[in-house]
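**Q** Sharing a structure, written as structure tokens. Questions coming.
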Amino acid sequence: MQIMVCLASVYGVWTIRDRKWYFEVDKTRGGRMFYLQDDCKHEELVEMVVNDYMLQVNGELLELSYPLPAAMMEKLPTDSPPMYVTNDRQVGSLVELCKEHVVRLCVSTRVGMGRNYNEPIHECVQEEKSEEVDKEDVEEEFGDEGWDDNESDDVNWNDKAWDVNSEDESDDTHDNDSADDVDNPDDIDADYSKYGKVKDEEEGEESLSFRERLRRGVWNGGNGGFTGTWSDTILVNHSYASKEALLSELRLTAVMARFAFKVYKSTTDLFVAKCVVNGCAWKLRAAVKNEPDCFWVTKYVKGHTCSIMDRVAHRRRATPRYIGQLFVERTGLIDGIVPRQIADSMRIMFGLNLTYTTSYRALKFAQVFVRGTPEDGYANLPSYLRRLKQANPGTITHLLCDEEDRFKYCFVALAASTAGFQYLKRVIVVDGTHLTGKYGGTLLVACGQDANFQVFPLAYGVVDAETNESWGWFFDKLQTCFSPHPMVIVSDRALSIENACVNVLPWVTRGICYYHLQQNIIKTYGGKELMYLVKGAAYAHTLAEYNRCMDSLRAAHPDLAAYMELADPNDVLNIYII
Ligand SMILES: [Zn+2]
């Protein structure tokens, strides 16, 4: 069990007056609170301070120090200087001291080295072009949008990933499983599909849960699974199928090992990257050998000679965009993926702890990598519909654009649906639901019920909102999917559906969805105890039975009975429908 100590910190500068040291606090910078573990490393503390004070350290020195507690100072000369925290051992001493005393960490940078608060933050954004390189030699490698470092502050590093002795990687997932299920504040991605799941679907490798697949390393695609804790896999004489593949590995290495690199040379047959800190020995050189585009690592100096301070200040971080790209590259999955799964996979594969927001944004980027942007989707819609019809002869599709040729409505009824529907009860249930994509809109659906009481999809459409016009257009297209007479359309009591029904399909019998009716009644009248009468009336198979239920309801709750009658018995009664 790790013990955490808390350490308040202030920013400022040490001065000595009358043989006594004072720390003059820069109040504009405010204080920060740090929680340190027993085995906290100097590098980690520096990183926390640099991040939390948003310091831009450009090769200068950050000083961490603390005054000794008063009880100790009493026994020492008054001019005893503050204690400087310069290495892991000193951090250990500080942590020990914090267990007994209240200690304040003093953060200073040498004159002019702190961030100017009047200027916007450009944390970790560097000029990629090194002065010592001819400009044409350097490609704009980081023009790649995977590296917009400004948006990346929400990735936490799981230090276990750095600990070679850590052995409990795989068990980890199980513990978290149960914890997640109980305490699930972000659970907006609840999987409702499980309610309709048939038992057989649970079996077989194909339908292993995401977590289980992650644990076993079973993927649909990608680079053949993962190895648990991340380690630097770049080796001399390794080859990469393309420069892009090498860069991808290099980026991951930089993120995981917390440094930044710059592309020193990049041509069609040579690639050289160096640590971003000038003078550091870290270097990678790769050249094309044997076949075109195949880059072989010819030299790789893994060790950094730059200072940790410089590295922390310059390091690259995992942005949501990068995480999204990494997830797709490594797993090859996107369909049905929810943010939590991205967070899980990053934790298990690389020891990265992502917040929900980062995972969500990463998922959005991942979706764009695989599927393109929403704009691309709309642009491709005409050809998609055409191909849908080619591949499924008999499919009915319609696309309506406005006068400026922008998307307005679309309608799709697959051939299999229209063919199958002729064997079903002649009842169609329609409803609309909001779409949550970039451009919003409403999805309209029309379903039947098969002999096994399962939902049978007939047609769907995308419109702007549930209006008279949109439902009218939808019904107009829907009626081409089935032969007329007789037909029942069941819906909620939305006026737009009723109007469209009356205008476009005046010959159909309308039914009100009992579920929606029940919701309305409970909301408006309360009276849950009377629902058995409402249900009795709604499900009555004879007029006598209906009247009996309604009489009882009238006696018990006249308002509710009146509401039921207002709903038009024709719409409610089974007897008229079947
Ligand atoms: Zn370096």
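**Q** Using a 1.4 angstrom probe on the protein heavy atoms only, could you order Arg330, Arg89, Arg387, Arg285 from most to least accessible area?
**A** Largest accessible area first, the residues go Arg89, Arg387, Arg285, Arg330.
**Q** How much of the calculated P(r) for the range 347-417 lies past 17 Å, in percent of all Cα pairs?
**A** Across the range 347-417, Cα pairs with separations above 17 Å total 62 percent.
**Q** State in Å² the accessible area per residue of the range 4-109; use a 1.4 Å probe, count heavy atoms of protein chains only, and round to the nearest integer.
**A** Result: 54 Å² of accessible area for each residue.
**Q** Let me ask you something else. So, for the range 376-511, what is the accessible surface per residue at a probe of 1.4 Å, expressed in square angstrom?
**A** Ligands and nucleic acids excluded, the result is 54 Å² per residue.
**Q** Roughly speaking, to the nearest percent, how much of the range 4-109's 1.4 Å accessible area is carbon and sulfur?
**A** 54
**Q** Please report the spacing between the Cα centers of the range 313-369 and the range 293-307 in Å, no decimals.
**A** 26
**Q** Could you pull out the GluC sites (Glu not before Pro) across the range 1-49 that fall in loop regions by DSSP (anything but H, G, I, E, B) with no more than 10 other Cβ atoms inside 10 Å?
**A** Here no GluC sites (Glu not before Pro) fit, given the DSSP loop and packing criteria.
**Q** Share of the range 376-511's accessible area from carbon and sulfur, percent, 1.4 Å?
**A** Of all accessible area on the range 376-511, carbon and sulfur atoms account for 56 percent.
**Q** How many angstrom separate the Cα center of the range 478-495 from the Cα center of the range 14-82?
**A** What the calculation gives is 74 Å, centre to centre.
**Q** Ranked by accessible surface with a 1.4 Å probe, highest first, in what order do Lys302, Lys477 come?
**A** Lys302, Lys477
**Q** Over all pairs of distinct alpha carbons, what does the Kirkwood formula give as the hydrodynamic radius of the range 4-109, in Å?
**A** 14.2
**Q** Going through the cross-link list Lys425/Lys528; Lys262/Lys299; Lys408/Lys438; Lys364/Lys389; Lys262/Lys289, which pairs have a Cα-Cα distance over 19 Å in this structure?
**A** Exceeds cut-off: Lys425/Lys528; Lys364/Lys389; Lys262/Lys289.
**Q** So, one more: Using a/c under 1.5 as the rounded threshold, could you call the range 376-511 rounded, prolate or oblate? The axes a ≥ b ≥ c are square roots of the C-alpha gyration tensor eigenvalues, and prolate needs a/b larger than b/c, oblate otherwise.
**A** Oblate is the answer for the range 376-511, as a/c is 1.5 or above yet b/c matches or exceeds a/b.
**Q** Carbon and sulfur atoms: what percent of the 1.4 Å accessible area of the range 284-356 do they account for?
**A** Carbon and sulfur atoms account for 50 percent of the accessible area of the range 284-356.
**Q** Please sort by residue number the GluC sites (Glu not before Pro) in the range 364-434 whose DSSP state is loop and whose Cβ has at most 11 other Cβ atoms within 10 Å.
**A** Sparse-neighbourhood loop GluC sites (Glu not before Pro): Glu403, Glu404.
**Q** Can I ask one more? Can you sort Ser93, Ser491 by solvent-accessible area, 1.4 Å probe, largest first?
**A** Ser93, Ser491
**Q** Net charge near Ile3: determine it from the other residues with C-beta under 15 Å of the C-beta of Ile3, scoring Lys and Arg +1 and Asp and Glu -1.
**A** -3
**Q** Next question. I'd like the accessible area for Val455, computed on protein heavy atoms only with a 1.4 Å probe and all protein chains in place. Round to 10 Å², please.
**A** That residue has around 110 Å² of solvent-accessible surface.
The values are calculated or read from the model by the stated rules, or taken from the named source; none is laboratory data. Here the structure is a predicted model, which is why all the values come from computation and not from measurement. We place every Cβ from the backbone using ideal geometry, glycine too, and count neighbours over all the protein chains shown. Just the protein is used for accessible areas: all its heavy atoms, side chains included, with ligands, DNA and RNA removed. Shrake-Rupley method; radii C 1.70, N 1.55, O 1.52, S 1.80 Å.
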